[in-house]
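Chemist: Once you've had a glance at the structure underneath, I'll fire off some questions.
The values are calculated or read from the model by the stated rules, or taken from the named source; none is laboratory data. Everything numeric in this text was worked out from a predicted model, so none of it was measured. Methodologically, a virtual Cβ is constructed for each residue, glycine included, from the backbone with ideal geometry; neighbour enumeration extends over all protein chains shown. Each accessible area value is taken on the protein alone, full model and side chains, heavy atoms only, with ligands, DNA and RNA left out. Shrake-Rupley method; radii C 1.70, N 1.55, O 1.52, S 1.80 Å.
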Amino acid sequence: MENKIYELLDSDFNTVAYRFKTDIGTFDIPIEVLEKELEYLPESDGKMQSTDKQGIVSLSAKHNARTILYEYLGLEKKEQESSHITFGLIMGNSLLKLIERGNTANHRNCFDKVKAFLDNTDIAKQNILSLYGVRRTGKTFLMYQAVQYLHDKGVSLAKIAFITISPDKTEALELMQYITMLVEVYEIKYVFIDEITYVKDELSLLTELSDCYFKVKFVLTGTNSAGFLPLFRQYLYGRTLRVSTSYISYNEYIKLVGGCSVLEYIRQGGILQADTLYEDNHKLRLEQRAKLSEEYINTAIIQNLFGTIKQSDYFSNKYSLLSDMYFNDKGSLETLLFKWLQKYSEPLSLNIMSRTLESSDISVAVKNSISKSAGVDLSGFRKKLTSCLKDYLNIQDFAEVHKSKYCSLNFIDQFKDFLYNIDCIIKNTNMSKEFLIPIGLRYGLVCETLSSLSDKYNDIAQRYGVLVSWDDFARKLSETAEGMLLEDVIYLELTMLEVPFYKYRVNNRAEIDFVVGNKLFEIKRKKEPFPADCRWLVSEALHWNTENAELYLLCNCEDNYSKEFTEREVWDSFIEGKRSNNKRVSEEDLAQRDAADTSNKQLVHFVKIDYFLSHLDEYI
């Protein structure tokens with residue numbers, strides 16, 4: 001074959017090595033190998049030529065480097081070709097810019113795990129740390145801060161390399177060749193690789209990180225978090241420490257971004273993003289949140305899935321039904337997955353959507369938005385809204401997709417398993433409830449469904465005598481959705497902390513929102529709750545199976561406070577509230593009021609939800 005030499009350049013177009021294609025094979029020679037010869041090789045003008053501390057030669061020395069290599073290898077001089085590296089590479093003092101960026105953010109809670117990994121000197125332990133999770137959860141900044149941590153410990157920046165992979169540009173073989181050069185020539189001890197899952201082909205070569213370079217520590221991240229699945233399950237099974245970044249609790253969130261309310265946390269989606277200004281007009285807020293959710297689902301879930309199916313045989317085998325539909329009907333698969341997420345997150349399943357909206361988010365909003373008055377056909381109004389939602393969610397088309405050869409119950413199971421594996425679903429077995437994370441996923445999907453009613457709402461309301469404008473209705477929908485998500489935020493935080501809690505049904509009409517030990521908690525969105533809001537807490541405390549039950553009403557009050565009530569007082573408040581809102585007081589309501597205890601006062605603690613979530617150790 002024809003012998004050729006290629007210059008290998010870094011992202012700044014500096015020569016870092018030379019690649020030789022010869023009869024006996026292809027191999028790279030780092031420029032540092034030639035450093036001594038270059039220092040004493042004169043230029044044609046008689047001046048001495050030197051290299052800098054990184055071993056990068058100046059343009060005037062390149063000709064001499066080629067000459068030496070030709071002579072050493074006995075190659076015939078041919079036309080040179082250039083090939084710069086396909087990824088970003090930062091070493092030495094250039095890393096100070098990354099450290100500066102890392103200083104602009106506070107540490108994630110999981111940074112303690114990163115530090116423990118970097119501090120561990122036991123070579124028998126894993127030498128690879130994988131930071132994985134959904135987008136906008138601080139993975140890259142964790143690596144910037146890890147570089148700073150090493151620098152502060154006295155590790156020379158000359159022993160650290162930071163690599164950034166761009167989508168579909170770098171092959172695994174090329175990456176491993178450069179890692180070999182960094183370790184064997186530059187004696188790099190810490191290698192950070194951002195966006196490792198953007199490598200074009202299979203990542204099986206990464207087993208060499210553990211097999212050949214067990215004394216070097218590697219930190220890997222990837223936006224395409226699904227791309228880590230074959231790494232965890234196959235190539236690096238048992239060889240990498242795993243740290244998920246997907247879930248950011250409210251308590252951690254306010255540490256990272258500064259003080260904000262839990263409602264602002266919900267509106268920001270529970271992820272780290274530039275401040276988003278939400279319109280005061282609730283209709284626009286619904287539409288804006290829906291648009292952001294659609295963009296996030298497309299990149300964080302659907303394209304995450306598609307990219308990994310295309311890249312990994314392991315993934316295609318594990319999720320064979322998804323893979324088959326991807327290669328045969330990619331467009332329909334994308335539509336199907338988005339529709340399924342819409343139903344899942346409401347949570348509006350196919351069964352729920354076949355019923356009225358009595359138990360859905362929208363039904364709750366309808367009940368709170370309008371009162372029964374003469375000329376109002378509330379039943380017809382609900383049925384029509386139900387019909388509109390069914391049309392929007394395309395239930396029938398969804399059923400048709402189920403009949404296709406690509407779709408089955410196993411298809412949905414595979415997609416749910418995928419969501420579990422990329423940490424988009426967390427399950428609480430005590431409640432038999434699944435949570436989408438980050439919280440912005442469910443919030444955005446709810447807004448997507450609700451905003452679909454906007455174009456038809458005014459005609460429907462007028463037809464059935466509902467005298468509530470869309471703006472007012474949208475405001476109530478928005479408030480109700482956020483109120484329900486408050487419960488999700490609390491339940492999810494307790495689940496992630498592995499706190500044993502459960503819901504407790506009082507009777508066929510109501511339940512206590514959650515119970516932890518002898519503590520009973522109700523959740524209300526109100527800023528100024530009424531005694532009536534405590535009726536189930538106070539009534540149940542009289543019959544509780546443990547002594548000294550502690551009662552808490554979590555709400556949006558300005559300050560925490562405590563009050564005592566008898567059972568009769570809270571039921572009087574409930575009936576008074578119904579009458580003042582022109583609602584019918586049932587015989588059952590009056591019977592419960594009349595039978596209520598009048599002598600035993602129960603102490604109820606009113607706690608601001610923001611405070612509860614940021615001081616959980618005081619209550620749990």
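Chemist: Can you give me the number of residues within the stretch 137-175 that are more than 19 Å from residue 113 (Cβ to Cβ), in contact with an Asp or Glu (Cβ under 6 Å, 6 or more places away or on another chain) and part of a helix (DSSP H, G or I)?
Modeler: Number of matching residues: 1.
Chemist: Further question on the same structure: Please go through the stretch 556-585 and pick out each residue that is farther than 20 Å from residue 506 by Cα, at pLDDT 85 or above and under 44 Å from the mean Cα position of the chain (by Cα).
Modeler: If the condition is that a residue be farther than 20 Å from residue 506 by Cα, at pLDDT 85 or above and under 44 Å from the mean Cα position of the chain (by Cα), then 556, 557, 558, 559, 560, 561, 562, 563, 564, 577, 578 are the ones that fit.
Chemist: Six or more apart or on different chains, Cβ under 6 Å: which pairs go from a residue in the stretch 324-339 that's without any contact (Cβ under 8 Å) to a residue 60 or more places away in the chain and farther than 17 Å from residue 311 by Cα to one that's β-branched (Val, Ile, Thr) and open to solvent by less than 70 Å² (accessible area, probe 1.4 Å)? Could you list them?
Modeler: 334/302
Chemist: Quick check on my filter: what residues within the stretch 413-451 are in a loop (DSSP other than H, G, I, E, B) and under 22 Å from residue 301 (Cα atoms)?
Modeler: Going through the stretch 413-451, the residues in a loop (DSSP other than H, G, I, E, B) turn out to be 422-424, 429-432, 437-438.
Correct list: 422, 423, 424, 437, 438.
Chemist: Considering the stretch 152-168 alone, what residues qualify as being surrounded by 13 or more Cβ atoms within 10 Å (Cβ to Cβ) and over 29 Å from the mean Cα position of the chain (by Cα)?
Modeler: Scanning the stretch 152-168 gives 155, 157, 158, 159.
Chemist: Working only within the stretch 269-327, note down all residues that are at pLDDT 75 or above and of a type in the set (Phe, Trp, Tyr).
Modeler: 296, 306, 319, 326, 327
Chemist: Applying the selection to the stretch 292-319, what residues are open to solvent by 10 Å² or more (accessible area, probe 1.4 Å) and among the hydrophobic types (A, V, I, L, M, F, W, C)? Break it down stepwise before answering.
Modeler: Taking the stretch 292-319 first, the residues open to solvent by 10 Å² or more (accessible area, probe 1.4 Å) are 292, 294-296, 298-299, 303, 307, 310-311, 313-314, 316-318.
292, the sole residue that qualifies.
Chemist: When you go through 569, 540, 550 one by one, which is the residue that is at negative phi, in contact with a His (Cβ under 8 Å, 6 or more places away or on another chain) and surrounded by 14 or more Cβ atoms within 10 Å (Cβ to Cβ)?
Modeler: Numbers: 569 fails: in contact with a His (Cβ under 8 Å, 6 or more places away or on another chain); 540 fails: in contact with a His (Cβ under 8 Å, 6 or more places away or on another chain).
After ruling out the rest, the residue left standing is 550.
Chemist: State whether the residues of the stretch 498-510 include one that is open to solvent by less than 50 Å² (accessible area, probe 1.4 Å), in contact with a Leu (Cβ under 9 Å, 6 or more places away or on another chain) and free of Cβ contacts under 8 Å to residues at least 60 places away in the same chain.
Modeler: Just the residues of the stretch 498-510 that are open to solvent by less than 50 Å² (accessible area, probe 1.4 Å), to begin with: 499, 501, 506-507, 510.
Checking which are in contact with a Leu (Cβ under 9 Å, 6 or more places away or on another chain) leaves us with 499, 501.
After this cut, where a residue has to be free of Cβ contacts under 8 Å to residues at least 60 places away in the same chain as well, the list is none.
Checking the stretch 498-510: not a single residue is open to solvent by less than 50 Å² (accessible area, probe 1.4 Å), in contact with a Leu (Cβ under 9 Å, 6 or more places away or on another chain) and free of Cβ contacts under 8 Å to residues at least 60 places away in the same chain.
Chemist: Name the single residue that is farthest from residue 609 (Cα to Cα) among those in the stretch 480-489 being more than 17 Å from the chain's Cα centre (by Cα) and open to solvent by less than 10 Å² (accessible area, probe 1.4 Å). Reasoning before the result, please.
Modeler: Taking the stretch 480-489 and keeping what is more than 17 Å from the chain's Cα centre (by Cα), we get 480-484, 486-487.
Add one more test, that the residue is open to solvent by less than 10 Å² (accessible area, probe 1.4 Å), and what stays is 481-482, 486.
Numbers: 481: 16, 482: 13, 486: 8 Å.
Per the stated criteria, the residue is 481.
Chemist: Further question: Which one of the conditions (1) open to solvent by less than 20 Å² (accessible area, probe 1.4 Å); (2) not in a helix (DSSP H, G or I) does residue 477 fail to meet, given that it meets all the rest?
Modeler: It is condition (2) that residue 477 fails.
Chemist: Might you check whether a residue that is under 19 Å from residue 270 (Cβ atoms) and open to solvent by 40 Å² or more (accessible area, probe 1.4 Å) occurs anywhere in the stretch 450-459?
Modeler: no
Chemist: Considering the stretch 181-206 alone, what residues qualify as being open to solvent by 30 Å² or more (accessible area, probe 1.4 Å) and among the aliphatic types (A, V, I, L, M)?
Modeler: Step one: filter the stretch 181-206 for residues open to solvent by 30 Å² or more (accessible area, probe 1.4 Å), giving 184-185, 187, 189-190, 198, 200-202, 204-205.
Passing the criteria: 185, 205.
Chemist: Please list, ordered by first then second residue, the pairs with beta carbon atoms under 9 Å, 6 or more apart or interchain, first in the stretch 566-577 and among the small types (Gly, Ala, Ser), second open to solvent by less than 60 Å² (accessible area, probe 1.4 Å).
Modeler: 573/531; 573/532; 573/533; 573/534; 573/535; 573/565; 577/532
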